[in-house]
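Report on one structure; see the data block that follows.
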C-alpha cells in the first residue's frame, strides 16, 4: 500500500505538517527519514511524531524514492549539493519559496522536480498548496505528490511555474494578512468597550465563518459582500470609509510587493552553478 520511502531535507514546521499528514494516511514511520541540523527540531519530531531525524545527509538517503525539500531558500543550494549523490533516482518535491525548478534540477542532477507552495494552515490540515511539475515528471509522480500534500489540505496544479510567485503572494503569505486584520479588529473592538479576548474571539469566528460561507457559495465575493451591505447601514459606513481611504488599492499594492519579493528571491538564491 505504501511502497515508497520518503526523505525530508529540513524538519521545521512545514515538514512536520507534511509528516503528520502522511502518518494520518497510514504511512509507516519507518519509511520516513528526516535530515534536520538543529537538535531542538529533531527532539520535537521525536516527541510529537515518533520520527528519529538525522543531523546531516548521508548514504541512507539513497533508499528514498521521494525527497521533500523543506529548507529555507538561502539554505537550499548547500543542502542540495550535500545530498545530490544520494538522491539521483528520486522524485524531488520542493516547498522552498522562490527557488526556480531550473536551479533545483541542476543542483540535484535530476529533472524530476515538482515545486510546491503550501501555507501555514497546513499545520492543522486546512492549508492549500499550489504545485508545478517539470516535463520529466510522470503522471505517477504527480499522484505521489498529491498524496503527500493532500494531508495538509487542498491543492491545485499550475501550468506555468511563474504562477507560483502569485500563489506565494496570495495564499503562501496570505495567512499573515488575515492575522493582520484580526489584530486591527481586536484593537478596534477593545477601543469600543469589549475586552481584548472578546474582540479576538469575534474577529476569529468572523473570518472562519466568512471563509466557509465563501467556500460553500457559488457566488463571487462581490455579491456576498453586497448582501451584507445595506445602503445607509453600519456595513455601508465601514465599506465607504475603506473605499475613501483606498484600502483595496493599498492591499493590492501589498500583494504585488509580496509577488515581487518572491521573484527577487528566485534570482537571489536560485542561481545554478
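Only the coordinates and a few stated rules stand behind these numbers; no lab work does. Given the structure is predicted, the values throughout are model-derived calculations rather than measurements. Ideal geometry is used to build each Cβ from the backbone, glycine not excepted, and the neighbour counts take in all protein chains shown.
For the Cα atoms of the chain, what angle does the longest principal axis make with the long axis of helix 196-216, in degrees from 0 to 90, nearest 10?
Its long axis makes an angle of about 70 degrees.
For the chain, what number results from the quotient of the Cα radius of gyration and 2.2 N^0.38 Å?
1.14
Report the Rg/Rh value for the range 92-211, based on alpha-carbon coordinates and the Kirkwood definition of Rh.
Reported Rg/Rh (Cα atoms, Kirkwood Rh): 1.14.
Given a Förster distance of 22 Å, report the FRET efficiency between residue 247 and residue 214 from their Cβ-Cβ distance, rounded to the nearest 0.05.
After rounding, the FRET efficiency stands at 0.70.
On a 0 to 90 degree scale, rounded to 10, what angle separates helix 73-83 from the longest Cα axis of the chain?
Here the helix axis deviates by roughly 20 degrees.
State the antiparallel share, in %, of DSSP beta bridges confined to the chain, rounding to the nearest 5. Before the final figure, lay out the partial values.
Numbers: 4 of 25 bridges.
Among the beta bridges of the chain, antiparallel pairing accounts for roughly 15 percent.
Using Cα atoms only, what is the angle between the long axis of helix 234-244 and the major principal axis of the chain, expressed in degrees (0 to 90) to the nearest 10?
70
If I model a spin label at residue 124 and residue 224 as a point 7 Å from the Cα along the Cα→Cβ vector, what separation in nanometres do I get?
About 1.8 nm separates the two model spin labels.
Among 47-54, 242-249, 106-113, how do they line up by average Cβ neighbours within 10 Å per residue, starting with the highest? Before the final figure, lay out the partial values.
Numbers: 47-54: 15.8, 242-249: 10.8, 106-113: 19.8.
Top to bottom by mean Cβ count within 10 Å: 106-113, 47-54, 242-249.
Which one, 259, 86, 236, has the greatest fluctuation when you compute a Gaussian network model over the chain with C-alpha springs under 10 angstrom?
Of 259, 86, 236, the Gaussian network model singles out 236 as fluctuating most.
Report the calculated FRET efficiency for residue 191 and residue 54 (r = Cβ-Cβ distance, R0 = 45 Å), to the nearest 0.05. Working shown, then result.
Details: r = 51 Å, r/R0 = 1.14.
Efficiency at R0 = 45 Å is approximately 0.30.
Which log10 I(q)/I(0) values, to two decimals, does the range 97-147 give at q = 0.15, 0.18, 0.30 Å⁻¹ under the Debye formula with one point per Cα?
So the normalised log intensities are -0.46, -0.64, -1.13.
Considering only C-alpha atoms, what is the centroid distance from the range 203-252 to the range 65-79, in Å?
Result: 39 Å between the Cα centres.
Select from 135, 221, 118 the residue whose mean-square fluctuation is largest in a Gaussian network model of the chain (Cα-Cα springs shorter than 10 Å).
In the Gaussian network model the winner is 221.
In Å, the Kirkwood hydrodynamic radius of the range 174-262 over pairs of distinct alpha carbons?
14.8
Using only the alpha carbons of the range 6-159, determine the length spanned along each of the three principal axes and report them from longest to shortest in whole angstroms.
39, 33, 27
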